[in-house]
Structures are given as C-alpha cells and as structure tokens.
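Presented below is the structure to which this report refers.
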Amino acid sequence: MEEAPRIYFVAGVTAVGKTAFSLDWAEREGAEVLSCDALLFYRGTNLGTAKPTKLERDRVPHHGIDLCEPSDSFDVARYVDYAKSKVKEIHERGRPVLVVGGSGFYLKGFFEPVSDGLVIPDAIREKVELLEREEGLNGLLHQLREHSPGDLGNLDLMNPRRVARALERCLASGESVTVLQKRFLEVPSPFDRYVRRSCLLERESSDLEKRIRLRAAAILNAGLVEETEHLLEHGLEENPTACRAVGYREVLAMLAGNLPKDQLLETIVRSTLQLAAKQRKWFRNQFHPDVRLVAGAGESFSINDFPLAP
C-alpha cells in the first residue's frame with residue numbers, strides 16, 4: 001500500500017520566531033514553505049506583516065506570498081484551493097511541505113472543511129456590506145441575532161468580517177448559525193488523505209513582549225509609514241481585512257489625524273500584544289500540536305526537536 005503523503009506545520013503567535021525556525025528546518029529537510037498567514041497574500045504588505053525577505057526566500061522556496069493586489073479579496077476558500085494545488089506540486093517534486101503561519105482561521109482549513117457549497121447571492125452580499133458601512137459591527141450583530149436567535153456557537157463576535165459572513169449565510173439559507181455550523185462540520189476536509197504533523201512554538205509573555213517591541217520599532221524605522229502610503233495608492237482601504245491589520249491600522253489612524261505620531265509605536269505594540277493574546281487563546285483551545293516547543297528568554301528553538309517523521 002502506498003504511504004500517505006505528509007504535511008508538516010509550524011505555528012505560533014506573532015513574533016514568536018516562526019520564520020527563523022521554519023527556514024532552518026526547511027533548509028535541513030529540503031522542504032518548501034507554504035505560508036498560512038492571511039496578510040502575506042497581498043503584494044506590498046512587506047514590513048507590516050514581517051514578510052520573509054527576498055534573501056530568506058532565496059534560501060528556501062516559498063509559496064502563498066504576493067498572490068494578489070492589496071485591493072483584492074482573498075478568503076479562506078480561495079486559499080484552500082491554492083494550497084491544494086501547491087501541496088500536490090511540491091509532493092510531485094519529491095519534497096516535504098512545511099506550512100507556516102499564525103492565522104488560525106486559515107490554518108484550520110488544513111484540518112476541517114472550509115465550505116459547504118452554499119452560494120451567497122450578490123444582492124445579499126451587497127445588503128450586508130451596506131449595513132456594515134452604515135451601522136458597523138453593532139448593526140451586523142443586531143441583524144444576525146434577529147435571523148439567528150439563541151446560541152451563536154463559536155462565532156467570533158468581535159470580528160466584523162466573520163459576523164458579516166455569518167449574516168450572509170443565514171440570509172441565504174434561512175438557517176441559524178448553529179445549524180449551519182453543524183452542517184459545515186459534516187463536510188470532509190480537503191486534506192483528509194494527508195498525514196499531518198504539527199509543531200507549536202511558544203515563549204513566555206515577557207520575552208514575547210520584548211520581541212514585539214523590538215520588531216515594531218524596527219519596521220517603523222524601516223519605513224512602515226511610507227509603505228502604508230504606497231499601499232493606499234494601490235487600494236488598501238478597499239480591503240477591510242488588510243486595512244484593519246495591526247500596524248497598517250495604526251498608521252492609517254495617524255495619517256488621518258486620529259493618532260498623534262509620538263503615540264504610534266506604543267499603539268502598535270499594544271495592538272500586537274492584543275493580537276498575540278487572541279492567537280494564544282485560539283491555539284490553546286483549537287489547535288492540538290504533535291510537538292510543543294517553549295524557548296526561554298533570548299533563546300532560539302531547536303529544529304532537532306521537530307524531526308522529519310520516517
């Protein structure tokens with residue numbers, strides 16, 4: 001019987017050290033990296049996402065980076081279709097696949113279904129977009145609770161994009177959020193035929209905060225404000241996901257006169273810490289790694305602790 005193909009995963013919160021670890025691991029194992037970071041898909045989002053540099057991508061082949069313009073929309077279903085084709089291509093070359101990222105929603109696409117085939121009519125999508133523009137998250141939640149009374153399952157109620165998608169699906173199907181979620185989980189995962197082996201990287205909160213602060217200062221000094229201005233010229237504000245991303249969101253607020261320049265660094269640090277806390281909670285509750293590595297203050301992770309399975 002032919003052995004089932006494998007996919008390897010390196011996951012962790014922002015700034016934990018995924019890039020350095022994955023580069024060393026992939027280089028040693030002859031692997032190719034498939035990014036699972038929702039913001040690396042967009043061209044020009046380099047500093048704000050800590051995107052692997054050209055030098056780093058020259059060391060190891062990378063996929064899932066610079067796939068579309070910042071004005072474009074790139075959702076999880078589109079990503080999974082892309083990932084399926086790339087995983088197949090890499091395996092056909094006889095090389096291991098290493099998926100790297102901290103975007104839990106996209107990472108989940110390798111372990112659970114991402115679509116139940118429900119089609120959202122344009123009229124409903126436009127209606128929900130108008131509601132979000134006029135009434136924001138509160139308006140979306142009010143309408144969602146009217147169409148889906150009772151429990152809203154595990155829906156992230158603080159994420160406008162997730163709430164909007166849930167409302168669209170309720171309107172299109174006439175079903176509640178919990179009914180749709182149950183049906184969704186009955187759909188097979190597109191990667192069920194693969195053996196999946198995962199590694200979660202972790203650091204103490206104090207060490208992570210130091211790394212976040214250093215990185216925030218570095219990207220500002222490297223030209224994050226100028227990068228954001230360039231992205232604005234290429235449709236950044238047309239993409240609700242990208243323009244709300246940590247770093248770009250704060251620079252946009254400063255450029256609009258809503259945030260003093262001397263508060264920009266601290267605001268980015270605070271937002272990044274909040275993001276890391278949210279990611280840590282997701283990994284704790286919804287990700288079950290085969291290997292969990294914890295690095296001490298100032299230490300690097302050892303790739304020897306995540307061996308290539310026989």
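The table below gives the values:
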read-out	value
Qualifying residue in the stretch 167-187 (condition: farther than 30 Å from D24 by Cβ, under 23 Å from the mean Cα position of the chain (by Cα) and among the small types (G, A, S))	no
Qualifying residue in the stretch 147-154 (condition: in contact with a Leu (Cβ under 9 Å, 6 or more places away or on another chain) and under 28 Å from R57 (Cβ atoms))	no
Residue list for the stretch 258-297, filter: farther than 24 Å from I219 by Cβ, at pLDDT 95 or above and over 21 Å from the mean Cα position of the chain (by Cα)	V294
Candidate set: the stretch 36-58, residues that are among the hydroxyl-bearing types (S, T, Y) and surrounded by 20 or more Cβ atoms within 10 Å (Cβ to Cβ); chosen: the one farthest from L273 (Cα to Cα)	Y42
Subset tally (residues that are modelled with pLDDT of 95 or more and touching an Asp or Glu at 6+ places or on another chain (Cβ under 8 Å)) for the stretch 203-256	2
Pairs with Cβ under 6 Å, 6+ apart, first in the stretch 70-84 and of a type outside the set (A, V, I, L, M, F, W, C), second loosely packed, with under 15 Cβ neighbours inside 10 Å and part of a helix (DSSP H, G or I)	S71/E238
Residue tally, condition loosely packed, with under 13 Cβ neighbours inside 10 Å and within 16 Å of N46 (Cα to Cα), over the stretch 231-278	1
Residue that is nearest to R6 (Cα to Cα) [pool: residues in the stretch 44-69 that are among the polar types (S, T, N, Q) and touching a residue at least 12 places away in the same chain (Cβ under 8 Å)]	T49
Sole exception among (1) over 20 Å from Y79 (Cα atoms); (2) touching a Phe, Trp or Tyr at 6+ places or on another chain (Cβ under 7 Å) for F41, by number	(1)
Index of the failed condition, G223 passing every other in (1) outside the structural domain of T45 (by TED's automatic domain parsing); (2) within 26 Å of T241 (Cβ to Cβ); (3) surrounded by fewer than 15 Cβ atoms within 10 Å (Cβ to Cβ)	(1)
Unmet requirement for L208, which otherwise passes all of (1) of a type in the set (A, V, I, L, M); (2) surrounded by 18 or more Cβ atoms within 10 Å (Cβ to Cβ); (3) outside the structural domain of F283 (by TED's automatic domain parsing)	(3)
Top-ranked residue of the stretch 1-35 - restricted to ones that are outside any strand (DSSP E or B) and of a type in the set (K, R), ranked as surrounded by the fewest Cβ atoms within 10 Å (Cβ to Cβ)	R28
Tally, over the stretch 180-202, of residues that are modelled with pLDDT of 85 or more and of a type in the set (K, R)	3
Any hit, the stretch 82-103, residues being polar (S, T, N, Q), buried (at least 18 other Cβ atoms within 10 Å of the Cβ) and within 16 Å of the chain's Cα centre (by Cα)	yes
Residue match in the stretch 16-30 (condition: of a type outside the set (D, E, K, R), within 15 Å of the chain's Cα centre (by Cα) and within 23 Å of I268 (Cβ to Cβ))	yes
The one condition in (1) assigned to a strand (DSSP E or B); (2) under 30 Å from Y82 (Cα atoms); (3) of a type in the set (V, I, T) that V294 fails to fulfil	(2)
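Quick grid of which residues meet (1) more than 23 Å from G104 (Cβ to Cβ); (2) assigned by TED's automatic domain parsing to the domain that holds L208; (3) at pLDDT below 95:
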{"site": "A15", "(1), (2), (3)": "no, yes, no"}
{"site": "A26", "(1), (2), (3)": "no, yes, no"}
{"site": "S35", "(1), (2), (3)": "no, yes, no"}
{"site": "F41", "(1), (2), (3)": "no, yes, yes"}
{"site": "V60", "(1), (2), (3)": "yes, yes, no"}
{"site": "D72", "(1), (2), (3)": "no, yes, yes"}
{"site": "V80", "(1), (2), (3)": "no, yes, yes"}
{"site": "K86", "(1), (2), (3)": "no, yes, no"}
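The values are calculated or read from the model by the stated rules, or taken from the named source; none is laboratory data. Keep in mind the model is a prediction, meaning the values are calculated, not measured. All Cβ positions, glycine included, derive from the backbone under ideal geometry; neighbour counts span all protein chains shown.
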